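Working notes for the structure below.
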Amino acid sequence: MRANLSRQLSASLFVGAIIAASGCATTTESDPADPFEGFNRAMFTVNEGLDKVAIKPIAQGYDAVTPLPVKVGVGNFFGNIWDSWTAINNLLQGKGGDALSDVGRVLVNSTIGIGGVFDVASEMGLTKHSEEFGQTLARWGVGDGPYFYWPLIGPRTTRDTFGWLVDTYYDPVWRVDKVPLRNSLVALRYIDLRASLLPSDKVVEEAAFDKYIYIRDAYLQHRRNEVFDGDPPRIPVNY
């Protein structure tokens, strides 16, 4: 029953976004990286609406009632799970040393760190990395493709949208067999992530003349830095 309602809601949101997008004119000075700006702005509006009425209030409640050590522990726990996928992506990118370090982080934090709740590995000098399949595709020479803004998952290039699908498929949390436990873990991770972004909300609101463009440009720049491990070349390339 819940699955059917979820599918119906998703379908309704998607159809509604398509209809809204059809009535949105693309700005006259459009960014070449964002050829579907009218569609993306409609999606952005949908996402803002969902965040305002449901996601942000839940995140604010979680942030208000959850002690800081617990929030840190939750973040560390999910970060430890992600380290295993980071290790695989570092290996696929040819960064064997980083992959070995990531494996060490998982082993240390899963044992001494009590299931990853405590980030002991960082205290031992094992640097935390963040790699996913979109970055791996970029390293393999796959270009960005058009930019898209999706409800719930937010901004993605075409390449990173495909990468996100692969990340989700291999994500250990999504592969938990017990559906209630899996859904609870997914919800907790999403709420914890949204709560961690609450301090930036006011900054974005105050700094952005056009919030959509501000987020788009910040995302594209951030992704470029991630692909090149914080040291992008000065001359733009098709990444």
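The values are calculated or read from the model by the stated rules, or taken from the named source; none is laboratory data. Please read these numbers as outputs of a predicted model, since none were measured by experiment. Counting neighbours? That spans all protein chains shown, and the Cβs are built from the backbone with ideal geometry, glycine included.
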List the number of the failed condition for Arg175; all other conditions in (1) within 26 Å of Glu48 (Cα to Cα); (2) in contact with a Lys or Arg (Cβ under 9 Å, 6 or more places away or on another chain) hold. (1)
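Based on what the data block shows, is Arg234 among the basic types (Lys, Arg) and either under 19 Å from Thr86 (Cα atoms) or not in a loop (DSSP other than H, G, I, E, B) (or both)? Walk me through how you get there before you give the answer.
Values: among the basic types (Lys, Arg): yes; either under 19 Å from Thr86 (Cα atoms) or not in a loop (DSSP other than H, G, I, E, B) (or both): no.
Here the answer is no, as Arg234 does not meet what is asked.
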Which of the residues belonging to region 47-57 are farther than 24 Å from Asp167 by Cα and buried (at least 16 other Cβ atoms within 10 Å of the Cβ)? Lys56
Going through region 164-193 one residue at a time, which ones are closer than 23 Å to Asp63 by Cα and either of a type in the set (Val, Ile, Thr) or crowded, with 18+ Cβ neighbours inside 10 Å (or both)? Val173, Leu185, Val186, Arg189, Ile191, Asp192
Being out of contact with any Pro (no Cβ under 8 Å at 6 or more places or on another chain), hydrophobic (A, V, I, L, M, F, W, C), in a helix (DSSP H, G or I) and within 27 Å of Glu37 (Cβ to Cβ) narrows Val142, Val186, Val166 down to just Val166
Is there a residue being in contact with a helix residue (DSSP H, G or I) (Cβ under 8 Å, 6 or more places away or on another chain) and of a type in the set (Asp, Glu) anywhere in region 213-221? no
What is the residue count in region 73-105 for residues that are over 18 Å from the mean Cα position of the chain (by Cα) and under 29 Å from Gly61 (Cβ atoms)? 1
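Name the one entry in Ala20, Ala33, Ala11 that is in a loop (DSSP other than H, G, I, E, B) and modelled with pLDDT under 95. I'd like the intermediate steps shown before the answer.
Numbers: Ala20 fails: in a loop (DSSP other than H, G, I, E, B); Ala11 fails: in a loop (DSSP other than H, G, I, E, B).
Testing whether each residue is in a loop (DSSP other than H, G, I, E, B) and modelled with pLDDT under 95 leaves just Ala33.
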Only one of (1) crowded, with 22+ Cβ neighbours inside 10 Å; (2) in contact (Cβ under 8 Å) with a residue 40 or more places away in the chain is not met by Asn109, so which one is it? (2)
Are any of the residues in region 219-237 surrounded by 14 or more Cβ atoms within 10 Å (Cβ to Cβ) and touching a Pro at 6+ places or on another chain (Cβ under 7 Å)? yes
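Name the single residue, out of those in region 58-101 being hydroxyl-bearing (Ser, Thr, Tyr) and crowded, with 20+ Cβ neighbours inside 10 Å, that is farthest from Thr136 (Cα to Cα). Reasoning before the result, please.
Of region 58-101, the ones hydroxyl-bearing (Ser, Thr, Tyr) are 62, 66, 84, 86, 101.
Subset that is crowded, with 20+ Cβ neighbours inside 10 Å: 86, 101.
Working: Thr86: 10, Ser101: 17 Å.
Going through the qualifying residues, I end up with Ser101.
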Got a number for residues in region 106-135 being under 21 Å from the mean Cα position of the chain (by Cα) and either within 16 Å of Pro172 (Cα to Cα) or part of a helix (DSSP H, G or I) (or both)? 8
Which of the residues spanning region 146-163 are touching a residue at least 24 places away in the same chain (Cβ under 8 Å), crowded, with 18+ Cβ neighbours inside 10 Å and assigned to a strand (DSSP E or B)? Tyr147, Phe148, Tyr149, Pro155, Thr157
